[in-house]
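The values are calculated or read from the model by the stated rules, or taken from the named source; none is laboratory data. What you are looking at is a predicted structure, and each value in this text was computed from that prediction instead of being measured. Here the Cβ positions follow ideal geometry from the backbone for every residue, glycine too, while neighbour counts run over all protein chains shown.
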Amino acid sequence: MKPAFRNIVAAVDFSDSSLAAAEIAADIARAAQGSLHLLHVVADVLVAPWIVSTSDIGFSGLQQRLENEAARKLTALSATEPFQRMSVVCAVESGSAADAIVEYARRHTGDLIVVGTHGYGPVKRFLLGHVADRVIRQARCPVLTVPHESLGHADQEPLP
């Protein structure tokens, strides 16, 4: 029987939780002899100009720098141990993170999206984080969420 998840998209924002999620995605892709897409989404500075902290950099130049830096970091990540000896595609998109992740998975026929959650606690988006929550609601394929390490471990008492 053919494994269900052969084309896996792992959303990477370079946080600890997203890196842990990417490693799990690599394990799944390796077991299925599939491919892994490491995807980073850069905010579009033309839509969100408040992220510009210096006035001497033009918007288009800044956007290109952010995308180039993200591509460099993804390439370096893909060369590390968890991602070696497997098919890895590094991709950088710009725009809204959740929308870009879902659209990328659709365009590249992703069988599974893997995202990390953030350790905000129960008040902040029901333990998931805004991006993970939106990806879950919008994706046409299954989404695996990997909890942030601060959300606890199996040896701790369950929540009431």
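Scanning the range 52-67 for residues that are closer than 21 Å to ALA11 by Cα and either more than 17 Å from the chain's Cα centre (by Cα) or outside any helix (DSSP H, G or I) (or both), which turns out modelled with the lowest pLDDT?
The extreme case among them is GLN63.
Go through the range 1-31 and report how many residues are among the small types (Gly, Ala, Ser) and assigned to a loop (DSSP other than H, G, I, E, B).
Of the residues in that region, 2 qualify.
For a quick check of your reading of the model, give me the residue pairs whose first member lies in the range 78-91 and is part of a strand (DSSP E or B), whose second is among the aromatic types (Phe, Trp, Tyr), with beta-carbon atoms closer than 8 Å and at least 6 apart or on different chains.
ALA91/TYR104
Filter the range 1-19 for residues that are more than 10 Å from the chain's Cα centre (by Cα) and modelled with pLDDT under 95 and give the result.
Result: MET1, LYS2, PRO3, ALA4, PHE5, ARG6, ASP16.
If you go through the range 8-36 one residue at a time, how many are acidic (Asp, Glu) and closer than 21 Å to VAL102 by Cβ?
Of the residues in the range 8-36, 1 are acidic (Asp, Glu) and closer than 21 Å to VAL102 by Cβ.
Being assigned to a helix (DSSP H, G or I), modelled with pLDDT under 95 and buried (at least 18 other Cβ atoms within 10 Å of the Cβ): is that true of VAL102 here?
Here the answer is no, as VAL102 does not meet what is asked.
Yes/no per residue for (1) within 22 Å of ARG107 (Cα to Cα); (2) in contact (Cβ under 8 Å) with a residue 24 or more places away in the chain; (3) touching a helix residue (DSSP H, G or I) at 6+ places or on another chain (Cβ under 6 Å):
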position	(1), (2), (3)
PHE5	yes, yes, yes
ALA11	yes, yes, yes
SER15	no, yes, no
LEU19	no, yes, no
ALA25	yes, yes, no
ILE28	yes, yes, no
ALA32	yes, yes, no
LEU36	yes, yes, yes
VAL47	no, yes, no
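Within the range 105-160, restricting attention to residues that are at pLDDT 70 or above and of a type in the set (Ser, Thr, Tyr), which residue is surrounded by the fewest Cβ atoms within 10 Å (Cβ to Cβ)?
THR109
Answer yes if at least one residue in the range 69-92 is within 26 Å of ASP133 (Cα to Cα), buried (at least 18 other Cβ atoms within 10 Å of the Cβ), out of contact with any Gly (no Cβ under 6 Å at 6 or more places or on another chain) and at pLDDT below 90, and no otherwise.
No, every residue in the range 69-92 fails to be within 26 Å of ASP133 (Cα to Cα), buried (at least 18 other Cβ atoms within 10 Å of the Cβ), out of contact with any Gly (no Cβ under 6 Å at 6 or more places or on another chain) and at pLDDT below 90.
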